[in-house]
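So the structure is just underneath, and the comments pick up after that.
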Amino acid sequence: MNQWTLGPDSGELLLATGVTGSASRMGHRLTIAVRSWHATVDWDGAALSAVELTADLDSLDVLRGEGGMTPLSGAEKVLIRSNALKTLRAKKFPQARFRSTSIERSGPTVRLAGVLELAGRSGEQSVEVEVVDDRVLGTAFVRHGDFGIKQYSMLMGAMKVADEVRVTLAATVPRGSA
């Protein structure tokens, strides 16, 4: 049994949001970093056997916003972060957790099925992961509605965060772990 331990020192965990509604052109498609997270990847010989990831929601950091009528200011990034933490009920539920329950491998691509705990709810979640040499690249699409999270909106709902958020992980396995 071999275990990889990953975290911010080995890569980045990013959230990418979209914008919907009749006034969506006014909104920004956001890229948000999770600055505090850790993952364990267990191997049984050459076979991936389990994956767990925990993200500290209070570590969200708005990196950039694409689109919109004006560039994002520092004050807007602070407001967006604050709104995201309220929307996710991060004071009451400070972490998001994923635990794999089944793993299917097809060449370098691994499909993880598991349980995601977010905002006080648990739901099924799938993650596509590619492991090549010492690099791990993962992608998941998380829907607000699946976890009872009301999408943040403005302008009486004419502009709101899209229901689906793309979550990506890109990490390099620390030397001595692979």
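Test ASP42 against the criterion of being modelled with pLDDT of 90 or more, more than 25 Å from THR101 (Cβ to Cβ) and more than 12 Å from the chain's Cα centre (by Cα), and give yes or no. Answer is no for this residue. The number of residues in segment 122-162 being farther than 16 Å from SER100 by Cα, at pLDDT 90 or above and out of contact with any Leu (no Cβ under 8 Å at 6 or more places or on another chain) comes to 5.
Selection of segment 105-137 for residues being open to solvent by 20 Å² or more (accessible area, probe 1.4 Å), part of a loop (DSSP other than H, G, I, E, B) and either in contact (Cβ under 8 Å) with a residue 12 or more places away in the chain or closer than 15 Å to ASP42 by Cα (or both) yields PRO108, GLY120, ASP133, ASP134. Among the residues of segment 138-178, those identified as open to solvent by less than 50 Å² (accessible area, probe 1.4 Å), among the hydrophobic types (A, V, I, L, M, F, W, C), over 19 Å from ILE80 (Cα atoms) and not in a helix (DSSP H, G or I) are ALA140, LEU169, ALA170, ALA171, VAL173. The listed residues are SER49, SER102, and the only one of them that is assigned to a strand (DSSP E or B), among the small types (Gly, Ala, Ser) and at pLDDT 95 or above turns out to be SER102. The residues on offer are GLY11, GLY7, and the sole one that is in contact with a His (Cβ under 6 Å, 6 or more places away or on another chain), of a type outside the set (D, E, K, R) and at pLDDT 90 or above is GLY7.
Within segment 69-80, the set of residues being in contact (Cβ under 8 Å) with a residue 40 or more places away in the chain and either open to solvent by 70 Å² or more (accessible area, probe 1.4 Å) or part of a strand (DSSP E or B) (or both) comprises MET69 only. Taking ALA96, is it under 29 Å from VAL173 (Cβ atoms), among the hydrophobic types (A, V, I, L, M, F, W, C), open to solvent by 20 Å² or more (accessible area, probe 1.4 Å) and modelled with pLDDT of 95 or more? No.
The values are calculated or read from the model by the stated rules, or taken from the named source; none is laboratory data. Nothing here was measured: the structure is a model prediction, and the numbers come from that model. FYI the Cβ positions are ideal-geometry reconstructions off the backbone, even for glycines, and counts take in every protein chain you see. Calculation scope for accessible area: heavy atoms of the full protein, side chains included, ligands and nucleic acids excluded. Shrake-Rupley method; radii C 1.70, N 1.55, O 1.52, S 1.80 Å.
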